[in-house]
């Protein structure tokens, strides 16, 4: 995974087919993300307050990882006087490098923070080569 080569909320290229989320009149905002790497995996943490497990959609297509989080915002009983929280869902797209084993990606959601574990493929992991005496 190359954290600096990511696409965010960009429209698909001409002719490209991307999965379309639930159709509604709300827009998407880009949630903040932190990415760390160990010898065995990448950990992507994405802050999406108001999103539950049921509101998440995580897809891998080709080398793109797409995360969509839908929030359920309760409308106030009375007249809304002031709002800072946008009526928007979350969307983030990352370009994955060839070192990510996409078949083993796992996800956990806790208190509005999505944690994605992206294991590195065995070919990408460092290994020690044993030298034999001839």
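The values are calculated or read from the model by the stated rules, or taken from the named source; none is laboratory data. Computed from a prediction, not measured in an experiment: that's the story for all the values here. Every residue, glycine as well, gets a Cβ built from its backbone with ideal geometry; the counts of neighbours run over all protein chains shown.
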Which residue pairs have Cβ atoms closer than 9 Å, lie 6 or more positions apart in sequence or on different chains, and pair a first residue in the range 21-35 that is closer than 17 Å to residue 55 by Cβ with a second residue that is at pLDDT 90 or above and not in a strand (DSSP E or B)?
31/48; 31/49
Residue 108 meets each of (1) out of contact with any strand residue (DSSP E or B) (no Cβ under 6 Å at 6 or more places or on another chain); (2) under 17 Å from residue 54 (Cα atoms); (3) free of Cβ contacts under 8 Å to residues at least 12 places away in the same chain with one exception, condition (1)
Only one of 80, 43, 73, 96 is surrounded by fewer than 15 Cβ atoms within 10 Å (Cβ to Cβ) and in contact (Cβ under 8 Å) with a residue 60 or more places away in the chain, namely 43
Hey, residue 20 hits all of (1) modelled with pLDDT of 95 or more; (2) loosely packed, with under 12 Cβ neighbours inside 10 Å; (3) over 30 Å from residue 127 (Cα atoms) but one; which does it fall short on?
(1)
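Kindly state which strands (runs of 3 or more DSSP E) lie completely within the range 36-134 and contain at least 1 residues that are out of contact with any helix residue (DSSP H, G or I) (no Cβ under 8 Å at 6 or more places or on another chain) and within 22 Å of residue 26 (Cα to Cα). Steps first, answer last, please.
On the way: elements: 41-47, 51-61, 64-71, 88-95, 106-110, 113-119.
Ranges flagged: 41-47, 51-61, 64-71, 88-95, 113-119.
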What's the number of the only condition in (1) touching a residue at least 60 places away in the same chain (Cβ under 8 Å); (2) in contact with a strand residue (DSSP E or B) (Cβ under 7 Å, 6 or more places away or on another chain) that residue 86 fails to meet?
(1)
Subset of the range 101-113, residues surrounded by 12 or more Cβ atoms within 10 Å (Cβ to Cβ) and over 14 Å from the mean Cα position of the chain (by Cα), comes to 101, 104
